[in-house]
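Please read through the structure below; I'll follow up with questions.
Throughout, read-outs are computed from the coordinates displayed, never taken from laboratory work. Worth saying up front: this structure is predicted, and the values here are computed from it rather than measured. Because the Cβ atoms are built from the backbone with ideal geometry, glycine has one as well, and the counts that use them run over all protein chains shown.
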Amino acid sequence: MKRTLVKHALASETPMEEILVEGWVRTRRDSKTFSFLEVNDGTSLASIQVVADAGIPGYEDIAQMGTGASVSVQGRLVESPGKQRWEIQASGVRLVGNAPDTYPLQKKGHSPEFLRSIAHLRARTNLFGAVFRTRSRMAAAVHQFFLERDFVWIHTPIITASDCEGAGEMFHVTTLDPLADNKSYDKDFFGKAASLTVSGQLEGETMACALSNIYTFGPTFRAENSNTSRHAAEFWMIEPEMAFCDLEGDMDVAEAFVKHIVNTMLTDEGGDLDFFNKFVDKGLRARLEAVAQQPFVRCSYTEAIDIMQKSGEKFEFPPHWGMDMQSEHERFLTEKHFKCPVIVYNYPKEIKPFYMRLNDDGKTVTAMDVLVPGIGELIGGSQREERLEQLEANIERMGMDKTGYEWYCDLRRYGTVPHAGFGVGFERLIMFVTGIQNIRDVLPYPRTPRNCEF
Ligand code: 4AD
Ligand code: MG
C-alpha cells in the first residue's frame, strides 16, 4: 500500500477506507482499551492523531512507541471528534524503530542553545520543522521571481582566485598540510592561492554582460570574526546582475524582490506562518503585511547621517559622515525613524569595494543597502563601474593586484555597458519572514567562529 503524507491526510476532502501513514511519534497516551498516538512526518506542522485499539496487530509493541519512535500505521481516515477534522482509526500499527529514554526531545520547551547542540535532531521539533520547510518554500520563491522575469540562473564557482569584496575575509583552499614546513603555492593543488568565494558577483557580471539578466543562488563563505546573531561563516546568497541597468533600476528590482518573498510567506497555508506569529514573534504577520503594502523609503547616505545626528538618539558610535554604518544605525533608521524598509544609497567611496561606480561628486559611489525592521542590512548592492579608466584607478587606489582582475576589466574593454546588481543574504531573508532572531537557527548546520560541529 502506498504511503500518504500526513499533510495530505489532514487536507483530505473525504474519509478514506484505507490509509497508510509513517512518521515519528510525538506523544502517546494510553487507556485500558486503546492508545492515542500523535504521529508527525515533518510534511506539516500538525501531527495526525491515531487511535489504536488494544489487540490490533502490532499493539503488543505499543509500550515502545513512545516519543521519538518511528511507526507505520494502517487504518481508516475518519472524522475526528477532536480539534482536527480527521484522525486515523488504526487497523494495525508497526514499530519501525524505537527511541529509548535517552531520546533528547522527550520534553517540550528546550532552549535554542540546547537545540543547536543537537542540530541533527532538532528538525523534529515544531519550530525547526517550520523553519526548514519555510527555507525550502522561500528558495522556490526566489527562483520563481527571477525566472518569471527572464533572468538566467548562473552557477558561479565556489572555489575562486579573486576576493570580490576586497575585505580579506577568505577561507583558503589548499591541499597543503597547514602544519608542514616549506609550504609554497608552487606545491599546492592550483599552483596559486585559491579561496572559497565570498560572492559570485564578479563572475555574475561577466554573464550579465552576455545574457542581460542573470542571478546566482548558492553558498558563500566569509571568515569574518564577528560573532553576532546575523553573521555566519557559511551562508547562501542570491545575487542578481542586470545589464543596461542603473542604480534606480537596481533599487526597483530589490524592492519588488523583497515584496515577492514577503507575499509568498503571507500566502502560506500550511500553518507555519501562524506558528511563527504565535510563538516566535507576535508582530510578524502585521509587519510583513505592512512591508508588502508600503513603498520603501529611499534616502541618501548623507541624508541618513543628517537624520541621525539631529535625532537626539544615543548611539554607541555617534554618526558622522564617512563612517561605515553599524547595526545600531541601520536599525534606528528602519525601525525607529522611518518604521519601514529603507534603501540607503550613495555611500562614501572609502567604505565600499572597488567595483562600485563613482558618482560625479567624486566622493560617493552608487551603492545601495536595503535595511529592514528586525534585521538591519538585508541587501547590499550597487551600480558597477563600467568605465575602464575609472575601474583601473579604483583597483590602483585600493592597492589590489591588477593582474588578477584583467578578465574583469575586459568587460569594460569590450562592449562595456552600465550594469547593476545586489546580494541578498538568504538566511537574513529567512530571519525576516519568520521573526527568528539568530542566524544559527535558520541554517541546518551553522558555521560560526570556533564552531564547526557535525
Ligand atoms: O553587502 P555584501 O557584502 O555584498 C556583496 O557581497 C555584493 N557582492 C553583493 C552584490 O552586489 N552582488 O553582502 C550581501 C548580503 C548582505 O546584505 C547580507 O544580507 C549578507 O549578504 N551577508 C551575510 N549574511 C550572513 N552572514 C554573513 N557573514 C554575511 N555577510 C553578508
Ligand atoms: Mg553589505
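So what does log10 I(q)/I(0) come out to for segment 296-335 at q = 0.23, 0.28 Å⁻¹, using the Debye formula with one equal point on every Cα and no solvent?
-0.72, -1.10
Tell me the relative contact order for segment 255-340 as a rounded percent, counting alpha carbon contacts under 8 Å between residues six or more apart.
25 percent
If you don't mind, there's one more thing I want to ask. So how far apart, in nm, are the two label points at Asn451 and His172 if each is 7 Å from Cα heading toward Cβ?
Taking the simple label geometry, Asn451 and His172 are separated by 2.6 nm.
Once both axes come from the Cα atoms, what is the angle between helix 284-293 and the longest principal axis of the chain, in degrees from 0 to 90, rounded to 10?
50 degrees
Over all alpha-carbon pairs in segment 354-431, figure out the percentage whose distance exceeds 20 Å.
In whole percent, the share of Cα-Cα pairs in segment 354-431 beyond 20 Å is 42.
Now for a different question. Would you please give the FRET efficiency between Glu396 and Phe244, computed as 1/(1 + (r/R0)^6) with r the Cβ-Cβ distance and R0 = 41 Å, to the nearest 0.05?
Approximately 0.90, to the nearest 0.05.
Let's test the formula: R0 of 25 Å, r as the Cβ-Cβ distance of Thr27 and Met1. What FRET efficiency results, to the nearest 0.05?
For Thr27 and Met1, the calculated efficiency is 0.45.
Restricting to the chain, what percent of DSSP beta bridges are antiparallel, rounded to 5?
Close to 90 percent.
For segment 12-110, what are the per-bin percents of Cα-Cα distances with bins 5 Å wide, up to the bin holding the maximum?
3, 14, 25, 27, 18, 10, 3, 1
Now for a separate question. With N set to the residue count of segment 160-258, report its C-alpha Rg divided by 2.2 N^0.38 Å to two decimal places.
1.34
Rounded, prolate or oblate: which fits segment 33-91 when a ≥ b ≥ c are the square roots of the eigenvalues of the alpha-carbon gyration tensor, with rounded for a/c under 1.5 and prolate only if a/b beats b/c?
oblate
Determine the gain in length on full extension of the stretch Ser327-Thr403; use 0.36 nm per residue of separation and subtract their C-alpha separation, reporting nm with one decimal.
Length gained between Ser327 and Thr403: 23.8 nm.
Quickly estimate the mean residue ellipticity at 222 nm for the chain, helices only: each DSSP H run with n ≥ 4 gives -39500 (n - 2.57), and the total goes over all residues, rounded to 500.
Value at 222 nm, helices only: -8000 deg cm²/dmol.
Rounded, prolate or oblate: which one fits segment 218-298, using the alpha carbon gyration tensor with axes a ≥ b ≥ c (rounded when a/c is under 1.5, else prolate when a/b beats b/c, else oblate)?
oblate
Would you work out the relative contact order for the chain, in percent, from Cα pairs under 8 angstrom that are 6 or more residues apart?
13 percent
List the residues, sorted by chain then number, that are 5 or more residues from Cys164 or on another chain and whose placed amide H is less than 5 Å from its amide H.
Val198, Ser199
Let me ask you something else. Could you tell me the distance between the Cα centroids of segment 191-217 and segment 1-66, to the nearest Å?
49 Å
Show me, for segment 369-377, the HN-Hα J-couplings you get by feeding each phi into the Karplus relation (A = 6.51, B = -1.76, C = 1.60, θ = phi - 60°), rounded to Hz, glycine and proline as x.
Calculated HN-Hα couplings, in order: 10, 9, 10, 10, x, x, 10, x, 5 Hz.
Taking θ = phi - 60°, what integer Hz values does the Karplus form 6.51 cos²θ - 1.76 cosθ + 1.60 yield along segment 381-396, in sequence order, with x for Gly and Pro?
x, 5, 7, 8, 6, 9, 8, 3, 4, 5, 4, 5, 5, 5, 4, 5
For a paramagnetic label modelled at 7 Å from the Cα of Asp274 toward its Cβ, which residues of segment 8-37 fall within the zone defined by backbone nitrogen distances under 14 Å?
Under cut-off, by backbone N: 10-11.
Using Cα pairs under 8 angstrom and six or more residues apart, how large is the relative contact order of segment 18-98, in percent?
33 percent
State the extension gain, in nm to one decimal, for the chain segment bounded by Asn225 and Asp306, taking 0.36 nm per residue of separation less the distance between their alpha-carbons.
26.1 nm
What shape does segment 296-454 have by the C-alpha gyration tensor, where a ≥ b ≥ c are the square roots of the eigenvalues, rounded means a/c under 1.5, and otherwise prolate means a/b greater than b/c and oblate the rest?
Judged from the Cα gyration tensor, segment 296-454 comes out oblate (a/c at least 1.5, b/c at or above a/b).
Here is a further query. Near the amide H of Cys245, under 5 Å away, which other amide H atoms are found, from residues 5 or more places off or on another chain, if H is placed in the peptide plane?
Correct list: His419, Ala420.
Which lysines does Lys192 reach when only Cα atoms under 25 Å apart count, and residues fewer than 8 places away in its own chain are ignored?
Qualifying lysines at Cα under 25 Å: Lys183, Lys402.
Amide H to amide H, which residues 5 or more places from Ser91 or on other chains are under 5 Å from it, using H placed in the peptide plane?
Gln74, Gly75, Arg76
Could you give each residue of segment 174-189 its phi-based ³J(HN,Hα) in whole Hz, using Karplus coefficients 6.51, -1.76, 1.60 with θ = phi - 60°, and x for Gly or Pro?
Rounded to whole hertz, the list is 8, 9, 7, 6, x, 8, 6, 7, 6, 7, 8, 4, 3, 8, 7, 3.
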